[in-house]
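In what follows, a single structure is set out as structure tokens and then discussed.
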Amino acid sequence: MGEALRVLVVDDHPLYRDGLRALLTSLPGIDLVGEAEDGDAAVRLAATLTPDVVLMDLGMPGRSGIDATRAITAHQPGVGVLVLTMFEDDDSVFSAMRAGARGYLLKDVDRDGLARAIESIGTGGAIFGAGVARRVQTFFAASANLRIDPFPDLTPREREVLDRIARGESNSIIAARLSISGKTVRNHVSTILGKLMVVDRSQAIVRAREAGLGSEPPGRRPNGVLAGDGA
């Protein structure tokens, strides 16, 4: 088994934090490294504790969970934020995704569901509860014909990485062609999955190609050499 995933809990309700603490400390492969009761503390602790996953409440006094998520993902793109909340409205869901959250679950999630979500987020994936996933699917079905800036939340660099993913290029090739490290590419890929609200690279490729990215022949570099599979 690899190293335990480092988890930071952010919630303003002491009783809920107590319940999460008891649950997380009972799960193998998870190391609870800290707790915060508001958004400001969450940003400070994320910077000092460098967790792999932040379990983020949304409705907190002071800095909201949305603002805290935005601050954390902006400065620490390798940190995965998993929203745990009672809110399932469209504004909350899409605001969290735009802020950089890689997952969104309701607080009634069961033990096994939360454990799977933490593992997925901690290893670079993205995950959404069933109700949230239906909202996302409905949103994209309704906007399928809109082609004006289909990915407005991506930074120029993230869009460039997504374009190369859509061409079939592996992480190692993307790193070489953009002159960045492999770790930076992996962080960008994780953030892109969260912002696109997809669970894996193949789904990101489908979304990107539907939007017109990856216009070069998939998997082929300009010099005619085939790119390797995902790194």
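When the stretch 33-67 is filtered for residues that are among the acidic types (Asp, Glu) and within 24 Å of Ser120 (Cβ to Cβ), the ones remaining, listed by number, are Glu35, Asp52, Asp57. Residue count for the stretch 193-206, restricted to those that are within 15 Å of Gly78 (Cβ to Cβ) and either in contact with a Phe, Trp or Tyr (Cβ under 6 Å, 6 or more places away or on another chain) or open to solvent by 20 Å² or more (accessible area, probe 1.4 Å) (or both): 1. Selection of helices (runs of 4 or more DSSP H) fully inside the stretch 1-98 by the criterion of at least 2 residues being without any contact (Cβ under 8 Å) to a residue 12 or more places away in the chain and surrounded by fewer than 18 Cβ atoms within 10 Å (Cβ to Cβ) returns 14-25, 39-49. Scanning the stretch 207-219 for residues that are open to solvent by 10 Å² or more (accessible area, probe 1.4 Å) and part of a helix (DSSP H, G or I) turns up Arg207, Arg209, Glu210. Pairs meeting the criteria (first residue in the stretch 174-198 and in contact (Cβ under 8 Å) with a residue 24 or more places away in the chain and outside any loop (DSSP other than H, G, I, E, B), second residue open to solvent by less than 20 Å² (accessible area, probe 1.4 Å) and among the polar types (S, T, N, Q), beta carbons under 8 Å, at least 6 apart or on different chains) are Gly182/Asn171; Val185/Asn171; Arg186/Asn171; Val189/Asn171. Look at (1) farther than 24 Å from Met60 by Cβ; (2) modelled with pLDDT of 90 or more; (3) in a helix (DSSP H, G or I) and you find that Thr138 fails only one, number (2). Inside the stretch 152-192, can you point out the residues that are open to solvent by less than 10 Å² (accessible area, probe 1.4 Å) and within 21 Å of Arg102 (Cα to Cα)? Answer for the stretch 152-192, where residues must be open to solvent by less than 10 Å² (accessible area, probe 1.4 Å) and within 21 Å of Arg102 (Cα to Cα): Val161, Leu162, Ile165, Ala166, Val185, Ile192.
The values are calculated or read from the model by the stated rules, or taken from the named source; none is laboratory data. The shown structure was predicted, so the numbers you read here are calculated from the model rather than taken from an experiment. We place every Cβ from the backbone using ideal geometry, glycine too, and count neighbours over all the protein chains shown. Remember, those area values only see protein heavy atoms, side chains included, never the ligands or the DNA or RNA. Shrake-Rupley method; radii C 1.70, N 1.55, O 1.52, S 1.80 Å.
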